[in-house]
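What follows is a single structure, written as structure tokens, with notes after it.
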Amino acid sequence: MFSLVARGFGRLRREDLLRTACDVIVTQGFAHTRTADIAQAAGVSQALLFYHFETKERLLAQAFSYAAQLDLDTLAAAEEAGGSPLDRLRELLRIYSPIGKSKSWALWIDAWAESMRNPELEEMSRRIDLSWRQALRTIIEDGVRDGMFTCEDPEGSTWRIMSLIDGLSTQLTVHRRVLPRARMTGFIRTAATAELGLSPGDLD
């Protein structure tokens, strides 16, 4: 019984540490976050951090993965709810936008920059990014098969739509007064409508 309780506490503590690490990273950035900062915010020793994560690089990568997984869980729940490809497309665009991801976008932007120096973070961000692209491509392919979308190159459309969202979301997150959310949403809807042969207003 004691070992089961101990393992349960360990899982809880690990999640608490990852949540705290995310809060510190959002405030200070990956490059300026020290293990001492996370330990202090969590009220634990640095030794405990290294016990759970071994290295600072692994801690940062797994903190990012933890935050991103929350959004992937939301995406999975939306996919399980079903609906037409058009309904699923609307929901994915809503979830993936800064309106849906909030703090996660600050982490994403910082993670992309830090990934050039942190191989574990690069692998993690690449894997999570692929999950989003696969989800969108599946929706597009389902829509084409059902006759709801017209698209000769689902892979290309997926890349163009996701890249547009990434670029606009970066602008909105970093330069908050440059691009209003409503304007960004309009750009995304216009692009997706053109890519998938939809009628104006289908994504409203």
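Computed values, structure above
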read-out: Residue, nearest to Ala135 (Cα to Cα), within the stretch 36-68, restricted to residues that are crowded, with 18+ Cβ neighbours inside 10 Å and polar (S, T, N, Q); value: Ser65
read-out: Verdict on Val26 being touching a helix residue (DSSP H, G or I) at 6+ places or on another chain (Cβ under 7 Å), more than 30 Å from Ile140 (Cα to Cα) and modelled with pLDDT under 90; value: yes
read-out: Residue count, the stretch 185-204 (criterion: farther than 19 Å from Asp166 by Cα and either at pLDDT 95 or above or in contact with a Phe, Trp or Tyr (Cβ under 9 Å, 6 or more places away or on another chain) (or both)); value: 2
read-out: Any helices (runs of 4 or more DSSP H) falling wholly within the stretch 54-126 and containing at least 2 residues that are more than 19 Å from Leu172 (Cβ to Cβ); value: 56-80, 85-96
read-out: Output for the stretch 169-186, where each listed residue is closer than 28 Å to Asp146 by Cβ and surrounded by 15 or more Cβ atoms within 10 Å (Cβ to Cβ); value: Thr185
read-out: Members of the stretch 36-79 found to be acidic (Asp, Glu) and at pLDDT below 85, listed by number; value: Asp71, Glu79
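The values are calculated or read from the model by the stated rules, or taken from the named source; none is laboratory data. Model, not experiment: these values are computed from the prediction. Note: ideal-geometry Cβ built from the backbone for every residue, glycine included; neighbour counts use all protein chains shown.
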